[in-house]
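The structure appears below as structure tokens.
What follows is calculated from the coordinates using simple rules that are stated; it is not laboratory data. Because the structure is a prediction, the values reported are computed rather than measured. For neighbour counting, all protein chains shown are included, and Cβ atoms are generated from backbone atoms with ideal geometry for every residue, glycine included.
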Amino acid sequence: MASVAESEFPLASRRRRRFTRQRIGRVLAPYALLAPAATAIGVILGYPLYLLVKMSFEKYGLFELIRHKGRWIGTANYAHILHDGEFWRVLARTVVFTAVTVTLTMVLGTAMALLLLQVSRWLRVAITTGLVLVWSVPVIVAVDIWRWMVDYEFGVANWTLTKLHIGNFIRHDWFANPWTGFGVITALIVWGAIPFITITVYAGLAQVPQELLEAAAIDGAKPWAVFREVTLPLLMPIFVILTSLSIIWDFQVFQQIWVMLDFRPTSDYYTMAIYAFHQSFQISEYGLGAAIAVVMVLFMFGATLVYLRQMLRTGEVQ
Amino acid sequence: MSTASVPVPTALTRRKPPASVRRRRFLMAVANHSMLIVAAVVFLAPFGFIALTALMTNGQALSSHLWPNPFRWQNFVDVFHQAPIFRWALNTMIYACLATLGVVVSSIPVAYALSRIRWRGRNLAFGLVLIALMLPPVVSVVPLYVMWAKLGLVGGLGPLIIPNWFGDAFSIFLLRQFFMTIPEEYLDAARVDGCGELRILATVVLRLAKPAIAAVALFSFLYTFNDFFLPLLYTRENPSRWVLQIGLSEFRSLHQVQWNLTMAATLLVMAPVIIVFFLAQKAFVEGVTLTGVKG
């Protein structure tokens, strides 16, 4: 801070004109900073959003796509969706899938971060290396590895389960039943998401003052109580961000399911994003797809509202 | 908890913990280590499979043997002969580097305006950023594709790179959370010294926010390097603009039965991002932590 003060002051006092120019600058600077912000938010975020919302109120099929002009039909798209049993099934499936995936990711990721604190250095380095490796795998590659591992003919999973006499898994197709199929997909996504959670939480844990933990232990607190009463409240901001990001990411999961099922998942595997994609690009009902996307955003907003409010309030306090 | 091994206050008065406590502590350590070793195996097993298969002969890759015999390092050379890896890598680098630069340059002022300057509609603007974060890309891409098609840029890297120069929702979000943690006194001190907002941003905020900026840059690089969906959408028809991920996916469908070559190609594609990651890991962890803990 001192260097700023020293270099700025003589400059400012040298010439009087400088003062006025600076004053004008101070009034205009926020707008200079806001200009790119407003442009960015308006053009890149706002405009497509506006188009999407507009499209969701229009009949927009192939014919309209060629003409570049939709036909206004009011809330018909929304009425159609809300009266469609398929939509509610997909929504319920997506909510359950998100809840399970986010919970597993957060619990396992945090547990691993807590374990990392306990073990010797070499094991910690080995684990961190593994996490970083997993983190850097492209989704396409990750899906292919998993698909290969659970392949019904050559898969390692079936071979191991059969050898261990857990059952006869020879030529067992994991995707014939949506429950086991989603089990594999959940495992893949949790596997891919844990590194980010673990490394972030671990970095946060390392910052928790040791004295606090010791004080709690001296007062006779059990490990679980120490975690709940000391660690958790301190790391709450991290958990808030990680949980809301995980909800947002898992709710709109697309690539993993899409690639895992050979670019043509059956309707048993539809989640919201796939359903929206299907309506848009496979049936060419872009209006319906847009309406589904709007409902999705509203739903995610609802699910993360508590967190969002806390994030906004963070700004107000300071 | 290492501290948890002191279960009752009485234990504190003793120099050396009693045998039972020591035994439990030892057992705990064994349990912790074995749990993490299992986790490590689960995490690393897929890489074992990739690496081992990448070194097998083609015939062996299709058999049930797990260990390569003989080791065939030639696979890596063959990949280079069978696919224009360098061209794909060049395209990927152009995309990843220019996009990352754009994200960093454009997101910083936006995040600053959303965190440290008070203005009407600030929360609304931040809400828009959050909505952008929540929009499923597979759907929101429709209007954008129409726009790029009208501009005649489909088929090149333009539609991939240019939007990043107008800010990226996730980066803005992360940087905003970090900027929020900078104590107001620092900024006030600079204001008293006669700094304008731009100068405050350039001198005070940027210096304090280095780890967060590093994190955002790394995230952005990782994301664009591994991006599959957008390059597929915009460059599919133009093989001279393919990036590594598209190339890899095409390579897989061309050499479907040659698992050994496919896996060797996979390892080659993953290598650069792993190297970057290890180099930047420390800065990254620091950035993410500060963003969260003090937010």
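Note the full-extension length gain between B:F80 and B:K210 as 0.36 nm times their separation in residues minus their Cα-Cα distance, in nm to one decimal. Walk me through the numbers before you get to the answer.
Numbers: separation 130, 0.36 × 130 = 46.80 nm, distance 3.81 nm.
Length gained, B:F80 through B:K210: 43.0 nm.
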> Using the Karplus equation 6.51 cos²θ - 1.76 cosθ + 1.60 (θ = phi - 60°), what ³J(HN,Hα) coupling, rounded to whole Hz, does each residue of segment B:214-227 give in order, writing x for Gly and Pro?
Replying inline: 4, 4, 5, 4, 5, 4, 5, 4, 4, 5, 6, 4, 8, 5
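Given axes a ≥ b ≥ c from the Cα gyration tensor, I'd like to know whether chain A is rounded (a/c under 1.5), prolate (a/b larger than b/c) or oblate.
Values: a/c = 2.25, a/b = 1.13, b/c = 1.99.
Oblate is the answer for chain A, as a/c is 1.5 or above yet b/c matches or exceeds a/b.
Just order B:65-74, A:210-219, A:52-61, B:161-170 by mean Cβ neighbour count inside 10 Å, highest at the front, would you? Provide the component values of the computation, followed by the final result.
Details: B:65-74: 12.7, A:210-219: 15.2, A:52-61: 19.8, B:161-170: 21.8.
Packing proxy ranking, top to bottom: B:161-170, A:52-61, A:210-219, B:65-74.
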>> Can you compute 3J(HN,Hα) from phi for each residue in segment A:48-54, using the Karplus curve 6.51 cos²θ - 1.76 cosθ + 1.60 with θ = phi - 60°, rounded to whole Hz and x for Gly and Pro?
In response: x, 5, 4, 4, 5, 5, 4
> Can you sort A:M300, B:M35 so the residue with the fewest Cβ neighbours within 10 Å comes first?
Replying inline: B:M35, A:M300
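Just rank B:D188, A:D144, fewest to most, by other beta-carbon atoms within 10 angstrom.
Working: B:D188 11, A:D144 22.
Arranged by neighbour count, lowest to highest, B:D188, A:D144 become B:D188, A:D144.
Can you give the average number of partner chain beta-carbon atoms within 10 Å of each beta-carbon in peptide B:40-52, as a whole number? Don't skip to the end; give the middle numbers.
Working: counts 8, 1, 5, 12, 7, 4, 12, 5, 0, 4, 5, 0, 0.
Whole-number average of other-chain Cβ neighbours for B:40-52 is 5.
Using a 10 Å cut-off around each Cβ of peptide A:138-151, what is the average number of partner chain Cβ atoms that fall inside?
Working: counts 13, 5, 11, 15, 2, 0, 8, 7, 1, 0, 7, 3, 0, 0.
That works out to 5 on average.
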> What residues qualify as long-range amide H neighbours of A:E58, i.e. H under 5 Å apart, gap of 5 or more or another chain, H built at 1.01 Å from N?
Replying inline: A:I73
> Simple spin-label model, 7 Å along Cα-to-Cβ: A:W72 to B:L232 in nm?
Replying inline: 3.7
> How much net charge surrounds A:D219 when only the other residues with a Cβ under 15 Å from the Cβ of A:D219 are counted, with Lys and Arg +1 and Asp and Glu -1?
Replying inline: -1
>> For a quick check of your reading of the filter: which chymotrypsin sites (Phe, Trp or Tyr not before Pro) in segment A:229-267 sit in a DSSP loop and have no more than 12 other Cβ atoms within 10 Å?
In response: A:F263
>> Treating only the Cα positions of the protein assembly as shown as identical point scatterers, give the base-10 log of I(q)/I(0) from the Debye formula at each q in 0.08, 0.09, 0.12 Å⁻¹.
In response: -0.66, -0.83, -1.38
> What are the residues whose amide H is under 5 Å from the amide H of B:M56, where those residues sit 5 or more places off or on another chain and H is modelled from the backbone?
Replying inline: B:R72
>> With a cut-off of 8 Å between alpha carbons and a minimum separation of six or more residues, what is the relative contact order of chain B in percent?
In response: 28
>> Just to check I understand the Karplus step: with θ = phi - 60° and J = 6.51 cos²θ - 1.76 cosθ + 1.60, what whole-Hz values come out for segment A:132-141, glycine and proline as x?
In response: 5, 4, 4, 4, 8, 6, x, 4, 4, 5
>> Could you check the spin-label model distance between B:V192 and A:E229? Points 7 Å from the Cα along Cα→Cβ, value in nm.
In response: 4.1
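Suppose R0 equals 45 Å; then what is the FRET efficiency for A:L161 and A:D219 from their Cβ-Cβ distance, rounded to the nearest 0.05? Show your work: numbers first, answer last.
Working: r = 47 Å, r/R0 = 1.05.
For R0 = 45 Å, the calculated efficiency reads 0.40.
Which of rounded, prolate, oblate describes segment B:68-211, given a ≥ b ≥ c as roots of the alpha-carbon gyration tensor eigenvalues and a/c under 1.5 marking rounded, otherwise prolate only if a/b is larger than b/c? If you can, show how the numbers build up before the last one.
Details: a/c = 2.78, a/b = 1.79, b/c = 1.55.
In terms of gyration-tensor shape, prolate.
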